[in-house]
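Report on one structure; see the data block that follows.
The values are calculated or read from the model by the stated rules, or taken from the named source; none is laboratory data. In this text the structure is predicted, and so the values were computed from the model without any measurement. Cβ coordinates were reconstructed from backbone atoms using ideal geometry, including for glycine residues, and neighbour counts include every protein chain displayed. Side chains included, ligands, DNA and RNA excluded: accessible areas come from the protein's heavy atoms. Shrake-Rupley method; radii C 1.70, N 1.55, O 1.52, S 1.80 Å.
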Number of protein chains: 2
Amino acid sequence: MEVTGVQPPAWVQDAVFYQIFPDRFCNGDQANDPPGVRPWGEPPTPTSFFGGDLWGILKKLDYLENLGVNALYLTPIFLASTNHRYDTEDYFQVDPVLGGNTALRELVREAHRRKMRIILDGVFNHCGRGHPFFRDAQARRRQSPYGDWFMWEEEEPGYSCWAGCPGLPEWNHDNPQVREYLLSVVRYWLEEYEIDGWRLDTVEYLPPDFVREVYRTVKTVNPEAYVLGEVMGLGTPWFRHRALDGVMHYRLWEGLVHFFAEEVWDAPRFVRYVWHIWRSYPMWANFASYTLLGSHDKPRFLTLAGGERRKFLLAVAFLFAFPGAPAIYYGDEVGLAGGDDPDCRRCFPWEEVQPDHPILSVIGKLVRRRRETESLRRGGLKFPFAQGRALLLSRPFLGTETLLALNAGTKEEVLMLPSGRFREEQSGEFLSGTLRLPPYSFTFLKRVS
Amino acid sequence: MEVTGVQPPAWVQDAVFYQIFPDRFCNGDQANDPPGVRPWGEPPTPTSFFGGDLWGILKKLDYLENLGVNALYLTPIFLASTNHRYDTEDYFQVDPVLGGNTALRELVREAHRRKMRIILDGVFNHCGRGHPFFRDAQARRRQSPYGDWFMWEEEEPGYSCWAGCPGLPEWNHDNPQVREYLLSVVRYWLEEYEIDGWRLDTVEYLPPDFVREVYRTVKTVNPEAYVLGEVMGLGTPWFRHRALDGVMHYRLWEGLVHFFAEEVWDAPRFVRYVWHIWRSYPMWANFASYTLLGSHDKPRFLTLAGGERRKFLLAVAFLFAFPGAPAIYYGDEVGLAGGDDPDCRRCFPWEEVQPDHPILSVIGKLVRRRRETESLRRGGLKFPFAQGRALLLSRPFLGTETLLALNAGTKEEVLMLPSGRFREEQSGEFLSGTLRLPPYSFTFLKRVS
């Protein structure tokens with residue numbers, strides 16, 4: 001079946017994602033904890049386990065639903081030996097420590113009942129050293145049926161492995177049997193467990209034509225399933241190649257860090273940067289990309305902003321006014337801090353969840369505004385004003401127009417509005433001409449004429 | 001002809017590149033200056049012309065040869081209307097303002113006589129608005145034979161253009177005639193003018209299979225010609241795809257900036273980062289990539305280092321001890337400063353060229369050391385020590401081993417040497433065990449046992 005011309009699923013541009021690192025979100029069942037589990041909340045090391053599991057996510061679906069989240073992205077959940085599980089040992093088994101396949105079935109069912117989607121992490125570049133095929137291949141080489149499933153090298157450690165990590169032997173994608181095996185994994189969880197898509201790990205390391213095969217396989221099973229790529233560079237080649245619906249938008253993230261967190265760029269520079277990427281990607285890909293302030297691979301945005309809550313919230317406001325599918329990295333909404341990996345993978349501090357939490361309450365409002373405002377999800381993009389540390393972002397949509405006005409500087413700023421009349425959402429006041437904004441503040445406007 | 005399995009040309013790992021922005025290097029013939037040329041040395045604006053030309057480069061070949069450079073990369077030289085010439089109007093004509101085709105023929109001849117290679121900038125994603133095919137296509141659309149050579153859109157400006165810049169209409173690479181036209185350009189300059197390769201502009205915007213066609217075309221004409229890609233992200237997909245020999249190593253550049261210029265990383269973090277990329281690329285690609293501290297698209301490294309000469313020189317030492325083809329961006333060797341484009345494109349300050357120039361003299365020595373030391377060009381890579389702001393980089397080669405020891409910090413550091421005996425190149429002294437390095441200093445060692 002030929003699937004070119006397929007558009008990304010429409011639900012993505014209406015999605016609000018929430019990324020979960022399963023070991024650190026919530027421990028729903030202590031009976032399945034791995035041995036040597038650490039006390040919840042202790043600073044994580046590269047090897048510590050905390051016992052979070054899928055039952056824990058299930059328990060917190062109410063919380064996520066209340067927050068307005070309608071899509072989940074889970075980092076790897078299949079059998080593996082590390083806490084991050086990028087070293088898969090069995091692609092057909094959810095790690096028992098996370099609740100096994102049963103818990104996943106339950107989780108998908110409960111999520112779908114709430115009209116919440118769920119995508120899994122597809123780690124198809126490499127497996128773990130403990131994968132039985134690799135163990136057999138390494139032990140028996142030519143005698144093993146899997147001898148040609150990996151790439152043997154003279155140099156240490158004797159086989160091709162991801163970025164030189166011996167724990168992550170790379171699949172030999174030139175072998176059609178390997179491809180068929182990995183594609184059977186792609187199909188299995190879509191067909192049997194009805195997951196809503198795949199986030200593809202380390203896309204830039206995979207042969208491009210294999211990524212396209214994964215894409216086609218997904219779309220053949222379910223054209224409404226989402227294929228999201230972890231791409232650190234420009235997404236353009238992957239879109240040209242029609243191999244992904246969207247990318248994790250690390251390019252946008254870099255701009256957000258420079259403008260909002262590090263404050264090394266002014267607004268015109270930031271807008272120029274964002275506009276450049278916006279115009280470089282096909283429109284379907286802009287609307288189907290996953291926009292983020294954090295992930296398990298980056299220091300927390302709040303930490304990059306020196307712990308300054310107002311800077312962080314301005315970036316959140318920008319993200320939720322920008323096209324694409326905005327994502328919340330678990331814990332960001334309650335001000336969880338953290339530097340580089342593994343520090344950015346701390347346990348979720350559940351005691352922080354209070355209705356008047358100064359970050360949670362603002363993020364909750366931003367999520368709701370986005371869910372309720374079609375122009376913020378479906379509208380075009382314009383930057384009618386950028387000067388000093390202030391800017392206007394506009395989302396025109398079918399004759400309506402919603403604007404985010406923000407001042408990311410230490411001084412009051414006067415923003416020039418486009419011609420016409422606007423209503424400020426907070427105060428309900430009507431405005432035209434200019435808008436004064438206090439330091440580190442934002443507001444939403446609607447065009448009324 | 002099938003060309004898979006072709007290896008990058010061996011000369012690349014022995015090359016020391018020099019990048020020239022032709023309008024700003026040297027004005028060799030004032031008779032061909034464009035009207036309104038600005039006084040040499042005035043701060044550049046986005047539209048200023050200074051009259052540099054290929055005759056100027058010819059005049060300075062002695063200077064470059066003395067510096068030890070043996071490969072040139074020129075940003076675009078074909079007929080165009082801007083000073084950067086990324087808006088090609090005639091792919092078969094060197095801009096008369098630069099001296100025309102005659103000057104290029106002379107330049108290649110003179111360069112080759114000195115065993116110097118020369119690569120040109122291949123801008124195949126888009127042309128200039130003034131390209132006659134585009135003008136005809138825009139004027140006559142369906143009536144034009146070029147109506148299908150571009151991609152028409154409803155949105156402003158009415159056609160697909162690079163990153164939304166109306167001055168740079170994008171070619172429709174789905175049209176086989178467009179491909180054949182662009183490939184004829186690729187062939188023409190290789191065959192008729194014997195250039196030594198192409199640097200491909202904005203590779204990430206091109207259809208991957210077209211990049212591969214360019215690669216194969218180049219190798220079919222001359223397997224010894226170099227295909228270098230401007231890739232801002234990871235090079236891995238292009239290497240997997242066998243579409244490039246190497247990339248402009250902006251990923252390495254980012255690490256160099258964080259460690260040497262901004263000093264936000266310590267040595268272990270920097271080494272981890274560099275090692276990760278090193279192990280992510282195929283070895284042939286590591287050795288065939290173009291390593292850089294600056295280009296016409298980035299602020300000057302010296303400027304990023306706050307004008308601190310010692311920080312800049314440490315980064316140069318690292319670059320010239322690292323595998324790949326190190327590049328000098330014109331003027332960097334005499335401490336030319338400059339922020340973001342267009343400031344990083346200032347005129348070369350020829351009055352600065354003095355034998356005792358504190359930067360030029362050190363860079364000259366580093367270039368010579370590399371040219372004379374096979375292990376620095378062909379050796380493997382190890383990092384035997386990294387602590388605080390100090391590190392050891394080792395290049396083992398056929399039983400020899402050359403090490404760069406450096407301290408990029410404000411305090412004296414004691415480095416642990418690997419077991420064995422070493423000779424310090426500067427002093428000729430024999431060392432083992434440890435090495436003390438003053439703040440912001442480096443030295444080279446050779447293993448003697």
So which residues in region B:299-322 are part of a loop (DSSP other than H, G, I, E, B) and within 14 Å of another protein chain (Cβ to nearest Cβ), if there are any at all? B:299, B:306
Within region B:224-238, take every residue that is open to solvent by less than 30 Å² (accessible area, probe 1.4 Å) and at the interface with chain A (Cβ under 9 Å from one of its Cβ atoms) and give me the one that is farthest from the chain's Cα centre (by Cα). B:237
Per the list (1) assigned by TED's automatic domain parsing to the domain that holds residue A:181; (2) of a type in the set (Lys, Arg); (3) farther than 29 Å from residue A:371 by Cα, residue check on residue A:140 breaks on (1)
Filter region B:436-449 down to residues that are open to solvent by 30 Å² or more (accessible area, probe 1.4 Å) and polar (S, T, N, Q), then give me how many there are. 1
When you look at residue B:284, is it within 10 Å of another protein chain (Cβ to nearest Cβ), in contact (Cβ under 8 Å) with a residue 12 or more places away in the chain and either surrounded by 20 or more Cβ atoms within 10 Å (Cβ to Cβ) or out of contact with any strand residue (DSSP E or B) (no Cβ under 6 Å at 6 or more places or on another chain) (or both), yes or no? no
When region B:95-113 is checked residue by residue, the ones that are open to solvent by 20 Å² or more (accessible area, probe 1.4 Å) and among the charged types (D, E, K, R) are B:105, B:106, B:109, B:110, B:113
Matching residues, region B:391-435, being surrounded by fewer than 13 Cβ atoms within 10 Å (Cβ to Cβ) and closer than 18 Å to residue B:317 by Cα: B:410, B:426, B:427
Test residue A:221 against the criterion of being closer than 16 Å to residue A:86 by Cα, over 16 Å from the mean Cα position of the chain (by Cα), away from chain B (no Cβ under 14 Å) and surrounded by fewer than 23 Cβ atoms within 10 Å (Cβ to Cβ), and give yes or no. no
How many of the residues making up region A:137-156 are within 14 Å of chain B (Cβ to nearest Cβ) and either open to solvent by less than 20 Å² (accessible area, probe 1.4 Å) or modelled with pLDDT of 95 or more (or both)? 1
With the structure loaded, tell me whether residue A:214 is surrounded by 24 or more Cβ atoms within 10 Å (Cβ to Cβ), at pLDDT 95 or above and within 11 Å of chain B (Cβ to nearest Cβ) or whether it fails that test. no
Out of A:63, A:159, A:91, report the one residue that is within 25 Å of residue A:333 (Cα to Cα) and of a type in the set (Ser, Thr, Tyr). A:63
Which condition from (1) open to solvent by less than 10 Å² (accessible area, probe 1.4 Å); (2) touching a residue at least 40 places away in the same chain (Cβ under 8 Å); (3) within 14 Å of chain B (Cβ to nearest Cβ); (4) not in a helix (DSSP H, G or I) is the one that residue A:274 breaks? (4)
Of the numbered conditions (1) within 17 Å of residue B:322 (Cβ to Cβ); (2) of a type in the set (Gly, Ala, Ser); (3) more than 14 Å from chain A (Cβ to nearest Cβ), residue B:255 fails exactly one; give the number of that condition. (3)
Residue list for region B:119-172, filter: of a type in the set (Asp, Glu) and either in contact (Cβ under 8 Å) with a residue 24 or more places away in the chain or in a loop (DSSP other than H, G, I, E, B) (or both): B:121, B:148, B:153, B:154, B:155, B:156, B:170
Does residue A:187 meet the test of being at pLDDT 95 or above and among the basic types (Lys, Arg)? yes
Hey, residue B:241 within 14 Å of another protein chain (Cβ to nearest Cβ), open to solvent by 10 Å² or more (accessible area, probe 1.4 Å) and within 22 Å of residue B:171 (Cβ to Cβ) or not: yes
Residues that are touching a helix residue (DSSP H, G or I) at 6+ places or on another chain (Cβ under 7 Å) and small (Gly, Ala, Ser), drawn from region A:24-80: A:28, A:51, A:52, A:68
Within region B:187-260, which helices (runs of 4 or more DSSP H) (wholly inside it) include 1 or more residues that are of a type in the set (S, T, N, Q) and free of Cβ contacts under 8 Å to residues at least 40 places away in the same chain? B:208-221
Which one of these is in the same structural domain as residue B:79 (by TED's automatic domain parsing) and either on the phi > 0 side of the Ramachandran plot or not in a loop (DSSP other than H, G, I, E, B) (or both): B:36, B:28? B:36
When residues of region B:105-118 are limited to those that are aliphatic (A, V, I, L, M) and outside any strand (DSSP E or B), the one nearest to residue B:10 (Cα to Cα): B:116
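Here's the yes/no breakdown for (1) open to solvent by 10 Å² or more (accessible area, probe 1.4 Å); (2) within 12 Å of chain B (Cβ to nearest Cβ); (3) within 25 Å of the chain's Cα centre (by Cα):
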{"site": "A:158", "(1), (2), (3)": "yes, no, no"}
{"site": "A:163", "(1), (2), (3)": "no, yes, yes"}
{"site": "A:181", "(1), (2), (3)": "yes, no, no"}
{"site": "A:192", "(1), (2), (3)": "yes, no, yes"}
{"site": "A:200", "(1), (2), (3)": "no, no, yes"}
{"site": "A:206", "(1), (2), (3)": "no, yes, yes"}
Okay, strands (runs of 3 or more DSSP E) sitting entirely in region A:350-425 with 2 or more residues that are among the charged types (D, E, K, R), I get A:422-424
Of the residues in region A:357-388, those that are open to solvent by 40 Å² or more (accessible area, probe 1.4 Å), in contact (Cβ under 8 Å) with a residue 60 or more places away in the chain and among the charged types (D, E, K, R) come to A:368, A:369, A:371, A:378
When restricted to B:125, B:172, the only residue open to solvent by 10 Å² or more (accessible area, probe 1.4 Å), out of contact with any Lys or Arg (no Cβ under 8 Å at 6 or more places or on another chain), of a type in the set (S, T, N, Q) and at negative phi is B:172
Return only the number of the condition from (1) of a type outside the set (Asp, Glu); (2) closer than 24 Å to residue B:38 by Cα; (3) out of contact with any helix residue (DSSP H, G or I) (no Cβ under 8 Å at 6 or more places or on another chain) that residue B:94 does not satisfy. (3)
